[in-house]
Structure formats: C-alpha cells, structure tokens
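**Q** Take this structure first; my questions come after.
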Amino acid sequence: MWLRTSFDLAFEIVGPTPFVLMLRPRSSEQQWIAREVYRISPSVPVAEFIDVYSNLCQRLIAPPGPFAIHTSAEVMTADTVDRSPGAPFVEVQRLPDAVLTYLLPSRYCESDRFFEMSAEITTDQTPGYDQVAAIEDWLRARVRYVPGSSDIPESAVEVHRKGSGVCRDLSHLGIALCRSISIPARMVVGYLNGLEPMDMHAWFEAYVGGRWYTFDATQKELTGGYVAIGYGRDAADVAVYNQFGLPVYPLKQEVQVARIKAPD
C-alpha cells in the first residue's frame with residue numbers, strides 16, 4: 001500500500017538549544033520512500049549522520065523564539081505483516097554480530113529479571129517464532145493498552161507491576177521477555193496506518209528464523225501499514241527528538257497517516 005505520513009512539531013525556544021532529531025524514514029526491504037519533505041522554520045544549519053543502529057539523524061541548534069519542524073513522506077509499505085509460525089530459534093553462536101546487542105539488558109528492558117516468567121509463558125511452544133507469538137498473546141491479554149496514559153518511558157519491570165501502559169511500554173515488556181530466553185528483540189518507532197488515536201507508534205521486532213519479524217500487542221490483529229523511522233534497544237535509542245540544556249516542550253505535536261494512490 002501507499003501511505004502519506006506527516007509529523008508537525010512546534011516549540012517556543014527560550015535560548016539556543018541543541019537538538020538531535022530522528023524523523024526521516026529510510027528505504028529498506030520493508031518500505032520504499034518515494035518522496036519526502038523536511039522543513040525547519042526558521043531555517044538553521046543542519047548536520048546529518050547515521051547512528052549506531054543505522055537510523056538517519058539530524059543535529060541542529062534551535063534559536064530563541066518560535067521553532068517548527070514539518071516532515072512528510074510518500075511511502076510504499078507492505079499490505080500485510082509477515083508471519084512465520086514455526087520459524088526456528090537461532091542459536092546465539094549463529095547470530096549475526098550486529099544482532100548480539102539486542103540480547104542484552106538495556107535501560108528500559110531488564111531482561112535478566114524475566115527468565116522464569118518468560119519460560120512459563122512459552123511452555124510447550126516450539127523455540128523461536130512460536131515463543132514470541134505466545135509472548136505477544138500474553139501481553140495482549142494481561143497488559144492493558146491505554147493510549148496517552150504516560151509521557152515518560154517506563155521499564156519492563158514497572159509495566160509488569162502496573163499491568164497497563166502505552167505502546168512503548170508494552171514493547172519494553174515484550175522485548176525483555178524475548179531477550180530473557182535468548183531471542184534478540186528491538187524496539188521500532190514510526191507510523192501505523194489506522195492507529196486510533198493517531199500518534200507516533202512503537203512496536204517490537206524479534207529475530208528468529210534468520211530475520212526480523214514484527215510483533216505488536218497493542219493491535220488485535222496485525223495488518224499492513226507500518227512505517228519505521230528508528231530502531232534501537234529501547235525508548236532511549238528511538239526518541240524522535242532529544243533536546244539538551246533548558247527543557248522545552250512541544251506546543252504542537254500532530255501526526256497524520258493516510259492511504260494514497262501510487263505517485264506518478
């Protein structure tokens with residue numbers, strides 16, 4: 001399917017403020033970026049770089065006063081989400097080097113504290129994809145998805161204790177459960193066509209059967225329409241913007257996703 005995504009941010013800046021942004025989706029096996037607009041007002045010098053997780057990022061210093069960012073893209077993405085029941089567990093010694101980091105505990109995914117729980121959830125499941133699917137089902141049944149209930153990332157331990165959270169929080173717990181049984185898992189942030197209420201979205205991917213697969217416990221059924229912007233170990237790695245120095249908060253944050261005809 002073809003989608004048009006857009007994201008608008010507006011700030012009132014008190015003093016010169018360094019920003020690191022992660023707002024540009026990249027073409028990959030799962031998506032193709034046909035057209036893109038990236039507008040910053042007022043215009044300031046921007047330096048672009050690729051971070052350690054292969055995300056496309058921008059550095060700039062916002063001047064005092066009104067400051068706005070607009071991005072939009074026309075993206076071809078899959079009509080369905082790939083599923084592969086029975087895809088095998090990949091032994092740690094056979095994992096690609098770049099995947100190994102997604103086995104380790106991280107700031108919001110304390111995977112070293114979830115082995116017994118994960119083993120119980122995945123009892124009698126074939127090692128690999130079926131274990132992750134069981135974790136996804138457990139999250140969907142046991143952790144309430146409450147959009148807008150939190151502005152601050154919560155760790156897997158906190159989410160498990162509360163029994164509820166936003167999309168980012170459910171992803172943290174899913175990732176921790178996967179890693180605890182030696183299945184690499186990573187967080188993804190981006191857009192989802194048809195998300196209600198519309199906002200930036202987070203889900204997780206697990207590495208089984210020699211590739212990454214999408215899992216999202218916030219949705220009753222996984223359909224197509226996912227557009228990835230960034231990948232990382234947890235929310236600390238995939239913030240769409242980070243500012244440094246004096247705290248600033250968006251006066252406007254608006255996300256839109258719509259299906260379109262294929263561009264000419």
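The values are calculated or read from the model by the stated rules, or taken from the named source; none is laboratory data. Every value quoted in this text rests on a predicted model; they were computed, and no experiment measured them. No Cβ is skipped: glycine too gets one built from the backbone with ideal geometry, and neighbour counts run over all protein chains shown.
**Q** Check Ile152, Ile175, Ile181 and return the single one that is of a type in the set (Val, Ile, Thr), surrounded by fewer than 16 Cβ atoms within 10 Å (Cβ to Cβ) and either within 29 Å of Asp124 (Cβ to Cβ) or without any contact (Cβ under 8 Å) to a residue 40 or more places away in the chain (or both).
**A** Values: Ile175 fails: surrounded by fewer than 16 Cβ atoms within 10 Å (Cβ to Cβ); Ile181 fails: surrounded by fewer than 16 Cβ atoms within 10 Å (Cβ to Cβ).
Criteria check complete, one pass: Ile152.
**Q** Please go through the range 135-149 and pick out each residue that is farther than 21 Å from Met198 by Cα and surrounded by fewer than 17 Cβ atoms within 10 Å (Cβ to Cβ). Even if it seems obvious, please write down each step before you answer.
**A** Quick first cut of the range 135-149, residues farther than 21 Å from Met198 by Cα only: 135-139, 141-142.
Within the range 135-149, Asp137, Ala141, Arg142 qualify.
**Q** Exactly one of these conditions fails for Ser43: (1) outside the structural domain of Val208 (by TED's automatic domain parsing); (2) under 29 Å from Ile183 (Cα atoms); (3) among the hydroxyl-bearing types (Ser, Thr, Tyr). Give me its number.
**A** The one condition Ser43 does not meet is (2).
**Q** Quick one: in the range 1-32, which of the residues that are over 29 Å from Pro63 (Cβ atoms) and aliphatic (A, V, I, L, M) is surrounded by the most Cβ atoms within 10 Å (Cβ to Cβ)? Before you say what the answer is, go through the steps one by one.
**A** Our first condition is that a residue be over 29 Å from Pro63 (Cβ atoms); within the range 1-32, this holds for 1-4, 27-32.
Next, only the ones that are aliphatic (A, V, I, L, M) stay: 1, 3.
Values: Met1: 15, Leu3: 21.
Once the filter is applied, the top-ranked residue is Leu3.
**Q** Pairs under 7 Å by beta carbon, first residue touching a residue at least 12 places away in the same chain (Cβ under 8 Å) in the range 239-264, partner acidic (Asp, Glu), six or more apart or different chains?
**A** The qualifying pairs are Leu251/Glu12; Lys252/Asp8; Glu254/Asp8; Val255/Asp199; Ile260/Glu74; Pro263/Glu74.
**Q** Now for a different question. Return the only residue of Arg35, Arg24, Arg39 being within 18 Å of Leu192 (Cβ to Cβ) and among the charged types (D, E, K, R). Steps first, answer last, please.
**A** Details: Arg35 fails: within 18 Å of Leu192 (Cβ to Cβ); Arg39 fails: within 18 Å of Leu192 (Cβ to Cβ).
Just a single option satisfies the conditions, and that option is Arg24.
**Q** Let me ask something else. Kindly establish whether Asp82 is within 30 Å of Leu173 (Cβ to Cβ) and in contact (Cβ under 8 Å) with a residue 40 or more places away in the chain. I'd like the intermediate steps shown before the answer.
**A** Details: within 30 Å of Leu173 (Cβ to Cβ): yes; in contact (Cβ under 8 Å) with a residue 40 or more places away in the chain: yes.
It is true that Asp82 is within 30 Å of Leu173 (Cβ to Cβ) and in contact (Cβ under 8 Å) with a residue 40 or more places away in the chain.
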